[in-house]
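Structure record follows, encoded as structure tokens.
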Amino acid sequence: MQGESQAPGGKLSPERWVERYGDQLYRYAMLRLRNAVDAEEAVQQTFLAALQNRDQYSGAGSEGAWLLGILRRKVVDVARRRVREMPIEPEVPQWDPYFDSAGRWRVSWAATMQQPLEELERAEFWRIFRECLQGLPKRHATAFALRVLEDQPSPEVCEQMGISLSNLWVMLHRARLQLATCLQARGQTREL
Amino acid sequence: MLNCREVSRLVSESFDRRLPWRARFLVAFHLAMCRICSGFRRTLRLMEREVRRQAGNLPSPEDPVEQLPDDARQRLDEMVRRFLGNGQ
């Protein structure tokens with residue numbers, strides 16, 4: 001099978017993987033890891049593991065999905081190592097932009113996201129969401145990426161990040177507040 | 001009685017676990033009276049749904065943003081070539 005440019009079963013020869021899948025895998029990793037060095041590392045680890053184990057790929061399912069499955073594990077591996085170096089946010093910031101001292105909203109949620117989104121709106125939503133995610137404190141963004149984007153159970157995310165459940169919930173609460181506020185400010189919500 | 005900050009925290013938590021019945025009751029009671037918290041919950045629900053729906057997909061190859069940088073591409077190509085060149 002080696003040496004053929006197009007192997008049976010819809011498989012590309014590995015020489016063409018970077019060209020064919022590089023951008024997609026990189027973008028997937030960038031969304032979750034949010035910096036070029038980490039994203040490249042996850043993609044590199046993915047191709048390396050895929051090269052070492054390419055005999056195990058059965059040809060069932062697409063090659064891209066197979067690589068994506070590997071990438072997901074590598075993204076978690078990289079995130080797990082990096083999260084320990086990330087600065088810890090104070091649990092209660094000096095000035096809370098969302099609530100006053102009595103716990104009342106400073107933000108209005110009278111508008112809500114429009115649903116369902118049309119195709120173009122969904123692309124626009126996604127572009128803006130990605131930018132909003134970039135604005136989060138690193139640990140909050142990592143918590144959101146591992147819990148929501150990767151859809152892992154909370155206890156697994158806690159183990160990966162080395163934090164308690166209540167800690168995780170505080171981070172996710174802050175992350176969602178900031179993301180929702182950002183989406184609202186960027187016009188991704190409408191008056192009902 | 002819970003204030004809006006506490007309710008918003010429980011609303012967020014409800015996306016990550018099933019709340020204890022007492023918390024569910026207190027949140028439902030608050031939401032029935034509070035338009036802002038209801039709007040917050042609706043916004044989170046739609047955000048979570050849309051984000052989860054789009055997150056699992058491998059981004060389409062046509063999407064021009066965040067392409068693999070050229071130097072990274074060269075390093076990856078080099079790695080693959082070396083690996084295959086070693087006859088493994």
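Annotations
- When cysteine pairs in the protein assembly as shown are screened for C-beta atoms closer than 4.7 angstrom, the residues that find no partner are A:158, B:4.
- Selected from A:56, A:24, A:160 as most flexible by GNM, with chain A as the system and alpha-carbon contacts under 10 Å: A:56
- Evaluated at q = 0.07, 0.11, 0.12, 0.14 Å⁻¹: base-10 log I(q)/I(0), Debye formula over Cα of the protein assembly as shown: -0.31, -0.70, -0.80, -1.01
- Reduced Cα scattering model of the range B:1-56, Debye log10 I(q)/I(0), q = 0.18, 0.23, 0.29 Å⁻¹: -0.59, -0.87, -1.20
- With Cα atoms, 0 to 90° folded angle of helix B:70-85 axis to chain B main axis: 60 degrees
- Calculated [θ] (222 nm, deg cm²/dmol) that DSSP helices of n ≥ 4 give over chain A, each run adding -39,500 (n - 2.57): -18000 deg cm²/dmol
- Theoretical ellipticity at 222 nm over chain B - DSSP helices of four or more residues, -39500 (n - 2.57) apiece, nearest 500: -22500 deg cm²/dmol
- If you run the Gaussian network model on chain A, springs between alpha carbon atoms under 10 Å, then out of A:176, A:104, A:127 the most flexible one is A:104.
- Nearest 10 degrees, 0 to 90: helix A:17-33 Cα axis against chain A principal axis: 20 degrees
- Here's how it looks for residue A:99: its modeled amide H is under 5 Å from those of A:106, which are all 5 or more places away or on a different chain.
- Where GluC sites (Glu not before Pro) fall in DSSP loop in the range A:26-134, at most 11 other Cβ within 10 Å: A:91, A:118
- Inter-label distance, nm, simple model (7 Å from Cα along the C-beta direction), residue A:123/residue A:151: 2.4 nm
Bear in mind these aren't lab numbers, they're just calculated from the coordinates by the rules spelled out. Bear in mind the structure is a predicted one, so any value in this text is a computation, not a measurement. Quick reminder, even Gly has a Cβ in these numbers, built from the backbone with ideal geometry, and neighbours come from all protein chains shown.
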